[in-house]
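The values are calculated or read from the model by the stated rules, or taken from the named source; none is laboratory data. Remember, it's a predicted structure, so these values are computed and weren't measured experimentally. Note: ideal-geometry Cβ built from the backbone for every residue, glycine included; neighbour counts use all protein chains shown.
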Amino acid sequence: MKAIEQQIAALREQLQKHNYAYYVLDEPTVPDAEYDRLFHELKQLEEQHPELVTPDSPTQRVGAPLIGGFTPVEHAVPMLSLDNAFSADDLVAFCRRVAERLDKEGVREAQAFCCEPKLDGIAVTLRYEQGALVQAATRGDGTAGENITANVRTIPSVPLRLQGSGFPPVLEVRGEIYMPRGGFQRLNEQALAAGEKTYMNPRNAASGSLRQIDPAVTAKRPLEFCCYGYGEIDGALLPDSHFDRLRLFHQWGFRINPEMQRITGTEALQAYYDDIAAKRDALPYDIDGVVFKVDAVSLQERLGMVSRAPRWATAYKFPAQEELTVLERIDFQIGRTGAVTPVARLQPVLVGGVMVSNATLHNMDEIARLDLHEGDTVIIHRAGDVIPKVLRAVPERRPSNARKVPLPDHCPVCDAPIERLEGEVIARCTGGVTCGAQRLEALKHFVSRKAMDIDGVGEKLLETLIEKQWVMQFSDLYRLTFDQLMALDRMGEKSAQNTIDALAKSKQTTLPRFLFALGIREVGETTARNLALHFGHLDALMRASEEALIAVTDVGPIMAKHIRQFFEQEHNVDEIRSLIGQGIQWPAIEVPSVDAQPLVGETWVVTGKLETATRDEVKADLQALGAKVVGSVSAQTTCLIAGPGAGSKLTKAESLGIPVLDEAGWLARRQALLGAN
């Protein structure tokens, strides 16, 4: 048996080297026939000795079909978005902001930037432990994505096991999964020949291929992976240069973009952009710009981030593609809060590889500014994934029967009056929850993951429940019965019971979630949390004056007015009482006094897996005590709370001499802080 194990190991090593040469270096070392022979030999041996099969074997790139779709994956390090630059002036401004911020940090020398084309694909993160691929996930909302490990294993340019030596015990590599143009063309040709649906562009094809329930289908798609960054790194010291880190990843088995360069100086960055733009059409893959990143990782960390975008990077986008088409008519859609939004219905036109037939017009002021008439020839603008917009009309092509479209007097859905208050840009339907459009959108928001998180209650089911008049307001959801759901088409016993269980589970919530779910105008997740922490009790919030509301963090006069108006409407109060009467409840919140916030002015970071509370709960405790909670460790960090699997944040904190608390230490510190007050 020992000889068989050695033979299998040798074959795997050969095949991994050939894969690296073929898929990463683009320099095949053996003919296809020789590779096929080695692969077949390994496969036969594994079939004869299934106990020796390992997940990182080259034969295991096609896994078992997923059951129940894709499970969520929380990112150890958030997957950030990038701010955009659209002109040379924007690039100059970005470089100036970087220089000015670093100057305040005492860094005055010119900075090198790592530069590479911005691939138009799907951002993913690949997690390796002890050199083996253990998990792959999409970006998702930046905090959590979807587990697509089985599908990613089928992509030849994704190493199942790292090669060489020196890689850390835990390594998260991030990059883009994309479909080369040639593969995209062949895929569509095959689809046409088979009478199947074709894809509109390579990015959509890549996305659709990654979301196949059966990995065997993904394996047939010509997908590639290109590395551009990293997430969690634990157990190794890497170069301070982003450029050098990517080259090191290349040695470990990852494809990096051959156009990547390290450049210093704004003029040189612009020249690089111009060069990539000139060769854009000749590249074998789609790109929509270039990315510039401050090369020194230590300076990246000092520059930090704003919102969900780093200050140390920007995506310099290519000019958006524009096309002419005809504005056939203007329709009006009603949103969750009654906002009336005009929508341009267009003669379908291909813009940037996507067939566009609709474009937002935002509001009536925009229509007036553009002087739009139904029947006009218009210029449509589409940049990347941005929603298409109408840039302007072409008056010289205006037909004689073109007509202006006024704001309707009554809602196209419920026929309630439409009003536009003085000083407001947006017109609104006054129908409230009696308006079918507002009802559906409000219910979709109420059941969403970040609100009441009622799993399995989606748009189609809500439409059916509204059509049957079983659910006309939030509280009606909790009056649904198993027998009612079983009476619906395509609703099996298991699905009906799962829905009832999900509704019951959602009754145990938090006050911030409940406030967010109510859909109060302009009250998002952060504001809902701030309101809950400030007032502590729903009754206190409902009684609060506009002046009292303005005292809450992030609440201004306009938002305070919206909140006050919401709680002054009797039907909203009745609905809240009805929901509570249905059993919705949440744990009490202790409202901190000024004296009870001993951590004011301190900056804390929470990482790793915690057992007694979630990281969000610990963050809420810290914020209640006055601390600012951020996502990355820097010289300004006061303390790090580190659970198991803390990784690179713990390493960074230790290297900077920042105090570190484990979960038990934090609980003791929390108790001491609360006891002292």
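Restricting the search to the range 362-379, which residues are of a type outside the set (D, E, K, R) and either assigned to a helix (DSSP H, G or I) or crowded, with 19+ Cβ neighbours inside 10 Å (or both)? Even if it seems obvious, please write down each step before you answer.
Restricting attention to the range 362-379, the residues satisfying the condition of being of a type outside the set (D, E, K, R) are 362-364, 367-368, 370, 372-373, 375, 377-379.
Listed by number, the residues that qualify are Asn363, Met364, Ile367, Ala368, Leu370, Leu372, His373, Val378.
Only one entry of Arg428, Arg382, Arg449 meets the criterion of being under 30 Å from Asp83 (Cβ atoms), surrounded by 14 or more Cβ atoms within 10 Å (Cβ to Cβ) and within 33 Å of the chain's Cα centre (by Cα), and that entry is Arg382. Glu259 fulfils the conditions (1) modelled with pLDDT of 95 or more; (2) of a type in the set (Asp, Glu); (3) not in a loop (DSSP other than H, G, I, E, B) except for a single criterion, (3). Filtered by the rule that a residue be touching a helix residue (DSSP H, G or I) at 6+ places or on another chain (Cβ under 9 Å), over 19 Å from Leu126 (Cα atoms) and not in a loop (DSSP other than H, G, I, E, B), the range 204-226 gives Ala205, Val217. Whenever a residue of the range 82-101 is closer than 24 Å to Arg139 by Cβ, its partners that are modelled with pLDDT under 95 and among the acidic types (Asp, Glu), lying with C-beta atoms within less than 8 angstrom and at least six residues away or across chains, give the pairs Asn84/Asp90; Phe94/Asp83.
So, Tyr230, is that one touching a strand residue (DSSP E or B) at 6+ places or on another chain (Cβ under 9 Å), among the aromatic types (Phe, Trp, Tyr) and not in a strand (DSSP E or B) or not? Criteria not met by Tyr230.
From the list Tyr128, Tyr178, Tyr230, exactly one residue is closer than 16 Å to Tyr285 by Cα, within 23 Å of the chain's Cα centre (by Cα) and among the aromatic types (Phe, Trp, Tyr). Which is it? Let's see the steps before the verdict.
Numbers: Tyr128 fails: closer than 16 Å to Tyr285 by Cα; Tyr230 fails: closer than 16 Å to Tyr285 by Cα.
Selected residue: Tyr178, the only one of Tyr128, Tyr178, Tyr230 that is closer than 16 Å to Tyr285 by Cα, within 23 Å of the chain's Cα centre (by Cα) and among the aromatic types (Phe, Trp, Tyr).
For (1) buried (at least 17 other Cβ atoms within 10 Å of the Cβ); (2) assigned to a helix (DSSP H, G or I); (3) outside the structural domain of Glu424 (by TED's automatic domain parsing); (4) not charged (D, E, K, R), each residue gets a yes or a no:
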{"position": "Leu515", "(1), (2), (3), (4)": "yes, yes, yes, yes"}
{"position": "Met542", "(1), (2), (3), (4)": "no, yes, yes, yes"}
{"position": "Leu549", "(1), (2), (3), (4)": "yes, yes, yes, yes"}
{"position": "Arg577", "(1), (2), (3), (4)": "no, yes, yes, no"}
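Out of all the residues in the range 66-79, is one or more over 15 Å from the mean Cα position of the chain (by Cα), in the same structural domain as Met305 (by TED's automatic domain parsing) and either in a loop (DSSP other than H, G, I, E, B) or at pLDDT below 90 (or both)? Scanning the range 66-79 turns up no residue that is over 15 Å from the mean Cα position of the chain (by Cα), in the same structural domain as Met305 (by TED's automatic domain parsing) and either in a loop (DSSP other than H, G, I, E, B) or at pLDDT below 90 (or both).
Look through Ala672, Ala664 and report the one residue that is without any contact (Cβ under 8 Å) to a residue 12 or more places away in the chain, over 30 Å from Asp234 (Cα atoms) and in a helix (DSSP H, G or I). Give the derivation first.
Details: Ala664 fails: over 30 Å from Asp234 (Cα atoms).
The conditions single out Ala672.
Is it the case that Leu246 is out of contact with any His (no Cβ under 7 Å at 6 or more places or on another chain), on the phi < 0 side of the Ramachandran plot and surrounded by 15 or more Cβ atoms within 10 Å (Cβ to Cβ)? Considered against the rule, which asks whether it is out of contact with any His (no Cβ under 7 Å at 6 or more places or on another chain), on the phi < 0 side of the Ramachandran plot and surrounded by 15 or more Cβ atoms within 10 Å (Cβ to Cβ), Leu246 comes out as yes.
Would you pick out the residues in the range 631-647 that are over 13 Å from Gly608 (Cα atoms), touching a residue at least 60 places away in the same chain (Cβ under 8 Å) and surrounded by fewer than 16 Cβ atoms within 10 Å (Cβ to Cβ)? Matches in the range 631-647: Ala635 only. Using the structure shown, decide if Asp501 is part of a helix (DSSP H, G or I), surrounded by 12 or more Cβ atoms within 10 Å (Cβ to Cβ) and without any contact (Cβ under 8 Å) to a residue 12 or more places away in the chain. Yes: the conditions hold for Asp501.
Scanning the range 171-192 for residues that are in contact with a Ser or Thr (Cβ under 8 Å, 6 or more places away or on another chain) and either outside the structural domain of Gln130 (by TED's automatic domain parsing) or within 22 Å of Arg247 (Cα to Cα) (or both) returns Glu172, Val173, Arg174.
Residues that are more than 16 Å from Ala268 (Cβ to Cβ) and more than 28 Å from the chain's Cα centre (by Cα) within the range 90-109 comprise Glu100, Leu102, Asp103, Lys104, Glu105, Gly106, Val107, Arg108, listed in sequence order.
Quick check on Leu650: is it surrounded by 14 or more Cβ atoms within 10 Å (Cβ to Cβ) and in a loop (DSSP other than H, G, I, E, B)? Taking the combined requirement at face value, the residue does not satisfy it. Within this structure, Ile148 fails the test of being surrounded by fewer than 18 Cβ atoms within 10 Å (Cβ to Cβ), among the β-branched types (Val, Ile, Thr), under 26 Å from His75 (Cα atoms) and not assigned by TED's automatic domain parsing to the domain that holds Gly645.
The test for being outside the structural domain of Lys444 (by TED's automatic domain parsing), more than 24 Å from Arg420 (Cβ to Cβ) and more than 26 Å from the chain's Cα centre (by Cα) does not hold for Gly338. Evaluating Arg564 against the criteria (1) closer than 20 Å to Lys444 by Cβ; (2) part of a helix (DSSP H, G or I); (3) among the basic types (Lys, Arg) leaves one unmet condition, (1).
Checking the structure you have, find out if any residue of the range 527-538 is surrounded by 13 or more Cβ atoms within 10 Å (Cβ to Cβ), β-branched (Val, Ile, Thr), in contact (Cβ under 8 Å) with a residue 24 or more places away in the chain and outside the structural domain of Ala437 (by TED's automatic domain parsing). Yes, there is a match, as at least one residue in the range 527-538 is surrounded by 13 or more Cβ atoms within 10 Å (Cβ to Cβ), β-branched (Val, Ile, Thr), in contact (Cβ under 8 Å) with a residue 24 or more places away in the chain and outside the structural domain of Ala437 (by TED's automatic domain parsing).
Would you tally the residues in the range 410-426 being assigned to a loop (DSSP other than H, G, I, E, B) and either modelled with pLDDT of 90 or more or among the polar types (S, T, N, Q) (or both)?
Initial filter on the range 410-426 (assigned to a loop (DSSP other than H, G, I, E, B)): 411-416, 420-426.
Filter once more, so that each one left must be either modelled with pLDDT of 90 or more or among the polar types (S, T, N, Q) (or both): 411-412.
Counting residues in the range 410-426 that are assigned to a loop (DSSP other than H, G, I, E, B) and either modelled with pLDDT of 90 or more or among the polar types (S, T, N, Q) (or both) gives 2.
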